[in-house]
């Protein structure tokens, strides 16, 4: 688990911004866009496709949504799968967003997934810092 990121907004505001696929390309460095969104924001089962800078297009699904406390998503692409859970903890009028991330793989993807698993949480933390700056400026 990576260290939490402080957002200078309420947990509800941080949650609403982060959970919406339409906002992802603004704060996620690896994304060019999000396409094929099916279902409303913040409803378990919502799905979408991430269009990444590297050309990978994982299919994503919201698997847990407890506003403004926690949400989880799962992504799959070929032999890889990843889960991300964000937790939202109030700190006065601000919010600490905690990160739990796991990347796995099957077959020949397994060794690459093990490497990605070590680097994924710090990358997500960096993206969350970007999101916190965006929200603080609004």
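The values are calculated or read from the model by the stated rules, or taken from the named source; none is laboratory data. Model, not experiment: these values are computed from the prediction. For neighbour counting, all protein chains shown are included, and Cβ atoms are generated from backbone atoms with ideal geometry for every residue, glycine included.
General remarks:
- Residue within the stretch 28-42 that is in contact with a strand residue (DSSP E or B) (Cβ under 9 Å, 6 or more places away or on another chain), crowded, with 16+ Cβ neighbours inside 10 Å and more than 25 Å from residue 113 (Cα to Cα) present: yes
- Top-ranked residue of the stretch 99-115 - restricted to ones that are free of Cβ contacts under 8 Å to residues at least 60 places away in the same chain and in contact with a helix residue (DSSP H, G or I) (Cβ under 9 Å, 6 or more places away or on another chain), ranked as surrounded by the fewest Cβ atoms within 10 Å (Cβ to Cβ): 106
- As for the stretch 71-87, it holds no residue that is closer than 19 Å to residue 8 by Cβ, surrounded by fewer than 16 Cβ atoms within 10 Å (Cβ to Cβ) and within 15 Å of the chain's Cα centre (by Cα).
- Just one of the numbered conditions (1) modelled with pLDDT of 95 or more; (2) surrounded by fewer than 17 Cβ atoms within 10 Å (Cβ to Cβ); (3) out of contact with any strand residue (DSSP E or B) (no Cβ under 7 Å at 6 or more places or on another chain); (4) under 19 Å from residue 3 (Cβ atoms) is not true of residue 119: (1).
- Checking each residue in the stretch 51-72 for being touching a strand residue (DSSP E or B) at 6+ places or on another chain (Cβ under 7 Å) and over 29 Å from residue 94 (Cα atoms) picks out 51, 52, 53, 56, 57, 58, 59.
- Every residue from the stretch 38-59 that is assigned to a loop (DSSP other than H, G, I, E, B) and more than 20 Å from residue 123 (Cα to Cα): 39, 40, 41, 42, 43, 44, 45, 46
- Evaluation of residue 35 against the conditions (1) over 17 Å from residue 15 (Cβ atoms); (2) modelled with pLDDT of 95 or more; (3) not in a strand (DSSP E or B) shows that the sole unmet condition is (3).
- From the list 96, 127, the lone residue that is on the phi < 0 side of the Ramachandran plot, part of a helix (DSSP H, G or I), surrounded by 13 or more Cβ atoms within 10 Å (Cβ to Cβ) and at pLDDT 95 or above is 127.
- Checked against (1) in contact with a helix residue (DSSP H, G or I) (Cβ under 9 Å, 6 or more places away or on another chain); (2) closer than 18 Å to residue 131 by Cβ; (3) surrounded by 15 or more Cβ atoms within 10 Å (Cβ to Cβ); (4) modelled with pLDDT of 95 or more, residue 2 passes all but condition (4).
- Some residue of the stretch 48-61 being in contact (Cβ under 8 Å) with a residue 12 or more places away in the chain, touching a helix residue (DSSP H, G or I) at 6+ places or on another chain (Cβ under 6 Å), over 16 Å from residue 131 (Cα atoms) and exposed (fewer than 15 other Cβ atoms within 10 Å of the Cβ): no
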